[in-house]
Amino acid sequence: MNFAIDVGPLKPEPAPLVLGFVLFFIVFAVMAKVILPRINKVLVEREKATEGRFEEAEETRAEAARVHAEYQALLAEARHEAARLRQESVEQGTAIIAELRAEGQRQREEIISAGHAVIDAERAVAEAELREQVGALATELAGKIVGESMADYARESGIVDRFLEELRTAEAAAPEARD
């Protein structure tokens, strides 16, 4: 029996065609049962590894973002602390300057009051010396005018002392009258 298949100009023989189909299905079955599962297994493993790496990369990115946010927060805190320290330094400097000014003012007042005390003491000494000299000169001048020595009389009566005391009270009253 000769079956001729009319499939065009090739005209294949049925026996080799059937053999070809059988061998094709055998190779297909071997590939489907043995080789394709192994290929699928490798592909699944690669996909898992790739997904694991993507997850690791995402975790690393998230960790980097968290570290960056912490860094930014620390940097902002450091800037805030630096600004606070600058402000505190300015306030301390101002306080020190004010304290030094007050101390300088106090020392100035002490120096001025000490100067006034020295001036008053020297003035009192000068007045006492001048009182003696003025009294002696006035008595000597009065003696020359009168023609006798007036030293004993002036000493006994205290004329010079009374005159100088009258001058001092007149001087003390004069500034009060001006005011």
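Observations on the model:
- Residue within the stretch 133-142 that is on the phi < 0 side of the Ramachandran plot, open to solvent by 70 Å² or more (accessible area, probe 1.4 Å) and hydroxyl-bearing (Ser, Thr, Tyr) present: no
- Taken as a whole, the condition of being surrounded by 10 or more Cβ atoms within 10 Å (Cβ to Cβ), modelled with pLDDT of 90 or more and either within 30 Å of Arg168 (Cα to Cα) or over 60 Å from the mean Cα position of the chain (by Cα) (or both) applies to Ala114.
- For the stretch 7-22, the set of residues classified as at pLDDT 65 or above and in a loop (DSSP other than H, G, I, E, B) consists of Gly8, Pro9, Leu10, Lys11, Pro12, Glu13, listed by residue number.
- Exclusive hit being on the phi > 0 side of the Ramachandran plot and open to solvent by 70 Å² or more (accessible area, probe 1.4 Å), set Lys41, Lys48, Lys33, Lys11: Lys11
The values are calculated or read from the model by the stated rules, or taken from the named source; none is laboratory data. None of these values were measured; they are calculated from a predicted model. All Cβ positions, glycine included, derive from the backbone under ideal geometry; neighbour counts span all protein chains shown. Calculation scope for accessible area: heavy atoms of the full protein, side chains included, ligands and nucleic acids excluded. Shrake-Rupley method; radii C 1.70, N 1.55, O 1.52, S 1.80 Å.
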